[in-house]
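Notes follow once the structure below has been shown.
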Amino acid sequence: MQQNHQEMRSTPCNVCDGTDVSVLANHSRSGKPLRTVICNDCGLVWADPLPHNPRSYYEDDYRVEYKGTFTPKPKHILRAGKVALYRRKLLGKWIAQPKKILDVGTGGGEFAYLLKSLGHDVSGIEPNKGYAEFSRQEYGLNIQVGFIQDIQQPDESFELITIWHVLEHTENPCDVLTKLHALLKPQGILVVEVPTIEAICQSPKSTFHEAHIFNFNLATLRKLGEKVGFTEVEHKISKDGANITVFFQKNAAVTTNDKKLKIPGNAEYITNIVKNHIAYKHYLTAWPYQRFLCRMSRMMSEKCAIANFVSGKQLLDRLYA
Ligand SMILES: [Zn+2]
């Protein structure tokens, strides 16, 4: 660790603007070179230099590389539909009344469709043309193709914005949250979910991969929100410890004092977790075996559920009924 300290200058930290970094890893989960650094002042973790051009990657390549398709297959619709139901539960009181909602990174549209069927006025934005077009045609959703920075919406348009597993893929999370802050009405709620760098349920060699440019923990995500004018009102951590969901409320004040953006001890804390998450310890825990069993039982139940597949809409209507 020590020999890497300040070895190479990095782009400034997206949370605290610091440049004092240490190298956490040099390879991704696929074994390719991927230099991952941690900010010594706040603990934000990111890939430096950028492993790909985020724009062209998400417009065309991402779904194909990850799912081998330009439109969602039945099993992906089913999985995303189940995730959407989980998210509805997670949002609880925040969606009890009909609201004007923006879902950022709508994917195949499953969650936006669930919100629509609950009576909300939903808009979405999704960079992948195939997925955006599919969700418009299949569910009649109002989805713009593009990145959030390019959205055609006046400021203060929404009461609630959700952004699930998108922020870690963006090239500048601070800019993204600033944009979302502007799009929210005063006192509006932003719900951000990301994987946490503290997670140890996955195999250690899966910790870093090209698609995740940034890796947060609760402290760095909260600080980033505060930096652009949000206050955390609630947060949730998934049962397996893999994901954090933070509920932010828009306020007017913005933290500009650099000292306030540092998070003492967080870099050491995260480095410790990452360095101690090693293969032999991981395989002595129940996590890898639970994951295997879950995957097997999921495969079986999915086969039944999509046996007589007619359309995405029909599948979700049944699931959400
Ligand atoms: Zn930092």
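FYI, it's all coordinate maths here, none of it is from the lab. Bear in mind the structure is a predicted one, so any value in this text is a computation, not a measurement. For neighbour counting, all protein chains shown are included, and Cβ atoms are generated from backbone atoms with ideal geometry for every residue, glycine included.
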Checklist outcome for this item: Neighbour-count ranking for 32, 100 (other C-beta within 10 angstrom, fewest to most) reads 32, 100
Checklist outcome for this item: Residues 141, 319 in order from fewest to most other beta-carbon atoms within 10 Å are 319, 141
Item to check | About the Cα centre, charge dipole magnitude for the chain (Lys/Arg +1, Asp/Glu -1 at Cβ), debye | outcome: 1200
Item to check | Within a Gaussian network of the chain (alpha carbon springs, distance under 10 Å), most fluctuating of 117, 56, 301 | outcome: 301
Checklist entry - With no solvent and one point per C-alpha, what does the Debye sum give as log10 I(q)/I(0) for the range 51-320 at q = 0.07, 0.10, 0.13 Å⁻¹? => result -0.26, -0.54, -0.94
Next on the checklist: Using a 7 Å offset from Cα along Cα-Cβ at residue 300, what residues in the range 189-219 end up with backbone N under 19 Å from the label point?
Outcome noted: none
Next on the checklist: How large is the Rg to Rh ratio of the range 154-225 when both quantities use alpha carbon positions and Rh follows Kirkwood?
Outcome noted: 1.03
Checklist entry - Which entries in 227/259; 100/250; 82/303; 82/313; 100/227 show an alpha-carbon gap greater than 21 Å? => result 100/227
Checklist outcome for this item: In a Gaussian network model of the chain with springs linking alpha carbons closer than 10 Å, the residue among 107, 124, 92 that fluctuates most is 92
Checklist entry - In nm, to one decimal, how far is the residue 185 label point from the residue 11 one, both placed 7 Å along Cα→Cβ? => result 3.5
Next on the checklist: Give me the extension gain from residue 93 to residue 26: residue separation times 0.36 nm, minus the current Cα-Cα distance, reported in nm with one decimal.
Outcome noted: 19.8 nm
Next on the checklist: Just want the ordering: 39, 174, from fewest to most Cβ atoms lying within 10 Å of their own Cβ.
Outcome noted: 174, 39
Checklist entry - Can you give the calculated 222 nm mean residue ellipticity of the chain, where each DSSP H run of n ≥ 4 adds -39,500 (n - 2.57) and the sum is split over every residue, rounded to the nearest 500 deg cm²/dmol? => result -10500 deg cm²/dmol
Checklist entry - Which is farthest toward the positive dipole end of the chain among 49, 78, 21, measuring Cα position about the Cα centre, with Cβ charges +1 (Lys, Arg) and -1 (Asp, Glu)? => result 78
